[in-house]
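Please read the structure below before turning to the comments.
Throughout, read-outs are computed from the coordinates displayed, never taken from laboratory work. Fair warning: this is a prediction, and the values are worked out from it, not measured in the lab. In this analysis, Cβ positions are derived from the backbone assuming ideal geometry, glycine residues included, and neighbour counts consider all displayed protein chains.
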Amino acid sequence: MIQLHNVSLAYQRDASALRNINLKVGKGEFVFLTGPSGAGKTTLLRLLYGALTPTRGEVLIDGQNISRIAASQIPQLRRSIGVVFQDFKLLQSRTVFENVAVTLEVLGWGRGDIGKKTMHILKQMGIESKYNLITQRLSGGEQQRVALARALVNDPKILLADEPTGNLDDANKNQILNIFKEANVRGTTVVVATHDRRLIEHGHKRLITLNKGEIVEQVEKEENRDEQAF
Amino acid sequence: MNRWKKKKTETSKPFKRPTLAEDGFGGRAGYFFVRALTNIRQNIFVNVVTIGTITLALLIVSLFLLVFVNLENAAENWSERVQVTVYFDRDLTSEEQTMLRGRIRALPETSRVSYVSREEALKRFKSRLRGQETLLEGVRPEVLPTSFEISLKRANRDTQGVENFVVSLKRIPGITEVQYGEEWVKRFNSFLNFMRLLGALLGAFLVLAVVFIVSNTIKLTIYARRDELEVMSLVGATSFFIKAPFLLEGLIQGLVGAIIAITLLFGLYEGFLHNAGSFLTFNPVSSGLGFLPYEYVGGIILAGAILGFIGSLTSLKRFVDA
């Protein structure tokens with residue numbers, strides 16, 4: 001599903017953000033990216049949803065080389081990828097419903113279908129009763145669930161998460177982790193960048209450690225090992 | 001053909017799109033319009049500030065235009081005084097009058113020709129010396145000349161136009177003495193030109209200031225909502241899909257701002273028209289003070305819409321790729 005071949009990225013000439021990354025993530029896999037701040041986790045995720053292009057190497061998403069993709073093709077790519085962030089990136093002036101529905105509006109769905117699908121995913125996230133609230137009034141955990149609902153409402157092939165539990169307490173962390181797992185069970189490939197050890201330990205998934213822009217360690221957790229299919 | 005096939009497999013296979021998706025403004029016009037109106041409602045404070053700025057800016061420009069248009073009208077009326085007079089030291093027979101009047105009227109610059117007989121000339125002289133009529137005792141009409149007074153068409157009332165007309169007049173047999181208040185015409189025309197230049201400079205300066213203020217206000221409001229642009233881009237919205245509601249919003253802001261500005265200007269104008277008589281020495285109603293012509297009003301409303309649209313378009317370029 002995701003393949004990186006000799007990928008390097010330099011923001012400036014001397015300082016490399018990523019160096020010679022080779023990585024394969026199979027369809028339906030669940031991967032944690034970890035490492036200290038500045039290791040390149042966010043940069044790697046940004047490469048995957050086309051917000052950055054590599055200086056060298058190739059990034060393939062579902063067989064398509066996105067390192068040479070035209071700017072006009074990026075929206076198409078993003079429609080098959082859900083992304084969540086530590087700061088949620090919600091539309092603060094809009095309601096919970098509107099924040100989630102926007103994904104389907106972009107796809108051109110009819111109003112009736114948008115309503116049904118959005119309420120369905122809000123129910124899955126356990127926030128259907130708050131559908132008409134402005135997102136500013138929600139707690140951190142609820143806001144992250146809205147962000148997840150927005151990312152998952154169109155059943156994306158890939159879900160990318162950048163420190164998704166950074167602003168949450170332990171109870172909320174578990175809930176969010178469970179949502180990732182459920183999405184993964186339904187067939188979505190999940191990549192979570194985090195330095196939250198607790199999340200990684202409870203995740204029991206493949207773990208990739210980055211440091212100074214390089215992959216320094218890859219650990220296969222037991223239950224995941226058999227599913228590896230490159 | 002091959003190229004087309006390749007492109008199709010690339011886009012449709014790995015990233016299959018739902019069949020419901022419709023691209024372009026036509027398919028989504030209703031959605032964009034509703035979205036723009038909802039955005040205005042949800043960001044009401046920002047919108048009130050923007051519309052207020054556009055209203056004030058256009059009010060200043062249209063107030064300037066109103067003053068300028070009225071001064072131009074006044075100048076046009078004063079220019080009626082640009083007259084050319086042909087003098088004769090004898091009475092003209094009615095055949096001569098008809099013949100000369102015809103020749104003068106045939107000139108393209110002529111707007112009106114009137115004959116002033118000796119008696120008429122004396123009558124006018126007397127009315128100018130009202131209160132001192134005794135000075136004219138013993139003056140007989142025969143000492144005064146007869147004349148043709150000729151008004152010119154608007155386009156020919158400038159110094160050059162009058163001089164050319166006089167040359168053409170003098171070519172007509174029987175016309176020898178022509179007067180036209182050369183100094184007055186020159187002074188009047190240089191005053192008019194100065195006023196127009198000043199108006200154009202002030203107007204250009206005002207328009208520049210308005211464009212600068214309005215585009216920066218719009219830029220700030222879009223900057224305040226840059227997260228929205230980012231989110232839309234993250235969920236796979238095309239650049240057109242992201243921009244369209246903002247552009248419509250800008251268009252609506254510009255239109256509403258312009259309409260409020262024109263309404264306020266009309267209110268100010270009416271207020272001035274009916275109250276200024278009490279503190280000014282002239283009566284604005286009888287002095288022919290007019291409101292802006294329809295085409296100017298239409299132009300201001302159109303300018304407001306364009307200002308809002310272009311302001312949004314240029315601001316969006318900074319925040320939305322491609």
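Amide H to amide H under 5 Å from A:Asn65: which residues, 5+ apart in sequence or cross-chain, H placed 1.01 Å off N in plane?
none
Defining a contact as two alpha carbons under 8 Å apart and six or more residues distant in sequence, what relative contact order in percent does the stretch A:90-155 show?
The normalised contact order for the stretch A:90-155 reaches 51 percent.
Which percent of Cα pairs goes in each bin when the distances of chain A are cut into 5 angstrom slices starting at zero?
Computed distribution, short to long bins: 1, 7, 15, 18, 20, 16, 12, 8, 3, 0, 0.
Which of the chymotrypsin sites (Phe, Trp or Tyr not before Pro) found in the stretch A:1-86 are loop residues per DSSP with 14 or fewer other Cβ atoms within 10 Å of their Cβ?
Hits after loop and neighbour filter: A:Tyr11.
May I ask you to derive the relative contact order of the stretch B:32-173, considering only C-alpha pairs under 8 Å and at least 6 residues apart, and to give it as an integer percent?
With pairs under 8 Å counted, the relative contact order is 30 percent.
Apply the Kirkwood formula to the stretch B:216-268: the hydrodynamic radius equals the inverse of the mean of 1/r over all pairs of different alpha-carbon atoms; give it in Å with one decimal.
12.8
If you put +1 on each Lys and Arg Cβ and -1 on each Asp and Glu Cβ, how big is the dipole of chain A around its Cα centre, in Debye rounded to 20? Intermediate results must be reported in sequence, preceding the final value.
Details: 31 positive and 25 negative charges, 106 e Å.
Around 500 debye, computed over chain A.
For the stretch B:83-179, what is one quarter of the convex hull surface built on the Cα atoms, given in nm²?
Here the figure is 6.8 nm², rounded to one decimal.
If you average the C-alpha positions of the stretch A:46-77 and of the stretch A:103-118 separately, how far apart do those two centres end up, in angstrom?
Between the Cα centres of the stretch A:46-77 and the stretch A:103-118 lies a distance of 26 Å.
Taking only the Cα atoms of the protein assembly as shown, how large is their convex hull per residue, in Å³?
Cα-based convex hull of the protein assembly as shown, divided per residue, equals 256 Å³.
Taking chymotrypsin sites (Phe, Trp or Tyr not before Pro) as exposed when DSSP calls them loop (any state but H, G, I, E, B) and at most 10 other Cβ atoms lie within 10 Å, what is the longest stretch of chain B free of them, the sites themselves excluded?
Counting only loop sites that pass the neighbour cut-off, the longest clear stretch is B:1-278.
May I have the count of lysine pairs in chain B with C-alpha atoms under 27 Å apart, counting pairs 8 or more residues apart or located on different chains?
So the count works out to 14.
So what J values fall out for the stretch A:177-186 if you push phi through Karplus, 6.51 cos²θ - 1.76 cosθ + 1.60 with θ = phi - 60°, rounded to Hz, Gly and Pro as x?
Listing the rounded values in order: 4, 4, 5, 4, 5, 4, 4, 5, 4, 6 Hz.
Report ³J(HN,Hα) in whole Hz for each residue of the stretch B:216-228, in order, from the Karplus equation J = 6.51 cos²θ - 1.76 cosθ + 1.60 where θ = phi - 60°; Gly and Pro get x.
Here the 3J(HN,Hα) series is 6, 4, 5, 4, 5, 5, 6, 4, 5, 10, 5, 4, 4 Hz.
Full extension from B:Arg196 to B:Arg140: what is 0.36 nm times the residue separation minus their Cα-Cα distance, to one decimal in nm?
Working it through step by step, the gained length comes to 15.5 nm.
Could you size up the charge dipole of the protein assembly as shown around its Cα centre, putting +1 on the beta carbon of Lys and Arg and -1 on that of Asp and Glu, and report it in debye to the nearest 20?
Details: 69 positive and 54 negative charges, 311 e Å.
Charge dipole, the protein assembly as shown, about its Cα centre: 1500 debye, nearest 20.
Give me the base-10 log of I(q)/I(0) for chain B at each q in 0.09, 0.11 Å⁻¹, Debye formula, one uniform scatterer per Cα, rounded to two decimals.
For chain B at q = 0.09, 0.11 Å⁻¹, log10 I(q)/I(0) is -0.73, -0.87.
Would you kindly derive the ³J(HN,Hα) couplings of the stretch A:75-91 from the backbone phi angles with the Karplus curve 6.51 cos²θ - 1.76 cosθ + 1.60 (θ = phi - 60°), listing them in order in whole Hz, with x for Gly and Pro?
x, 4, 4, 5, 6, 10, 10, x, 10, 10, 10, 4, 8, 6, 6, 9, 7
Test of understanding: ordering A:Ile134, A:Ile74 by Cβ neighbours within 10 Å, fewest first, what list do you get?
Exposure proxy ranking, most exposed first: A:Ile134, A:Ile74.
How would you rank A:Thr53, B:Thr238, going from fewest to most other Cβ atoms within 10 Å of each one's own Cβ?
Fewest to most other Cβ atoms nearby, the residues stand as A:Thr53, B:Thr238.
Cut-off is 10 Å between beta-carbons; in what order do A:Glu201, A:Glu128 appear when sorted fewest neighbours first?
The order, fewest Cβ neighbours first, is A:Glu201, A:Glu128.
What percent does the relative contact order of chain B come to when contacts are Cα pairs within less than 8 Å and at least six residues apart?
Relative contact order comes out at 27 percent.
Please report, in debye to the nearest 20, how large the charge dipole of chain B is about its Cα centre when each Lys and Arg carries +1 at its beta carbon and each Asp and Glu carries -1 there.
Its charge dipole is roughly 1860 debye.
Along the positive direction of the dipole of chain B (beta-carbon charges: Lys, Arg +1; Asp, Glu -1; about the Cα centre), which of B:Val214, B:Ser190, B:Ala155 reaches farthest?
Final value for the positive-end residue is B:Val214.
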